[in-house]
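Everything on this sheet refers to the single structure shown next.
The values are calculated or read from the model by the stated rules, or taken from the named source; none is laboratory data. Worth saying up front: this structure is predicted, and the values here are computed from it rather than measured. Cβ: placed from backbone, ideal geometry, glycine included. Neighbour counts: every protein chain shown.
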Amino acid sequence: MRAELADLPRLLKFRTDTAAWLNARGIDQWALPFPSQHMAESIRRGEVYLFKESLASDAAATVTLDREADDLLWMPPERLEPALYVHKLTIDRAHAGVGLGTRILDWAGDRAARNGARWLRLDAWTTNPKLHAYYRSLGFHHVRTVNDPEVGGSGWVAQRPAHLAPDHGFDETRLGDTPESATDPT
């Protein structure tokens, strides 16, 4: 389901909880607080999604899916190619290890293909090789690593072709030119 402004505290908690979990493993990803106004703007644009087991349950995961190519990460010719970009994919630890991240990325790739995108793209923390291996295992190809302080540590960029994946397991009610809502996982 598409996130609303009322979900902002939960979305920020996803980030702080995940940062603490990563920190306990020696990874400094997301150690700095995330600007809530940036997240609020993404919510207002309809780009932030929550994934729940049921409408009454707490969110199990979140992702932001948009058309925003970071100028520091993607070259001008790449930015001209139709693509959707995955940001802030986060799984609540209570729901980790059951393939939810894979399903969300398949949903995002399906959404990208249905909206005419050639690529599903993402960036990851440069010093998190386990995350890089995870994305590679899902068909993402490493494009480059950008070691510019302006990217804030998230300079490992990858992409995979957007493709239809109707078996992602999420019930979709409408597809349009921009990402629309995805409802509860089944």
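Things worth noting here:
- Listed conditions (1) loosely packed, with under 14 Cβ neighbours inside 10 Å; (2) modelled with pLDDT of 95 or more are all met by Ser57, apart from (2).
- Among the residues of segment 24-37, just one is at pLDDT 90 or above and part of a helix (DSSP H, G or I), namely Gln37.
- Beta carbons closer than 7 Å, at least 6 apart along the sequence or on distinct chains, pair a first residue in segment 96-108 that is in contact (Cβ under 8 Å) with a residue 24 or more places away in the chain with a second that is part of a helix (DSSP H, G or I) and surrounded by 14 or more Cβ atoms within 10 Å (Cβ to Cβ) for Arg103/His168; Asp106/His168; Trp107/His168.
- Pairing residues of segment 127-154 that are over 18 Å from Leu73 (Cα atoms) and in contact (Cβ under 8 Å) with a residue 12 or more places away in the chain with residues that are surrounded by 15 or more Cβ atoms within 10 Å (Cβ to Cβ) and among the charged types (D, E, K, R), at Cβ distances under 7 Å and at least 6 apart in sequence or on separate chains, gives Gly139/Arg160.
- Any hit, segment 40-49, residues being of a type in the set (Val, Ile, Thr), over 25 Å from Gly169 (Cα atoms) and surrounded by 12 or more Cβ atoms within 10 Å (Cβ to Cβ): no
- Among residues of segment 50-64, those that are of a type outside the set (A, V, I, L, M) and assigned to a loop (DSSP other than H, G, I, E, B), counted: 4
- Subset of segment 83-92 that is of a type outside the set (Phe, Trp, Tyr) and closer than 19 Å to Leu73 by Cβ - its residue that is surrounded by the most Cβ atoms within 10 Å (Cβ to Cβ): Leu84
- Inter-residue pairs, beta-carbon under 8 Å, first part of a loop (DSSP other than H, G, I, E, B) and crowded, with 16+ Cβ neighbours inside 10 Å and in segment 65-76, second of a type in the set (A, V, I, L, M, F, W, C) and modelled with pLDDT under 95, 6+ apart: Asp70/Val151; Leu73/Val151
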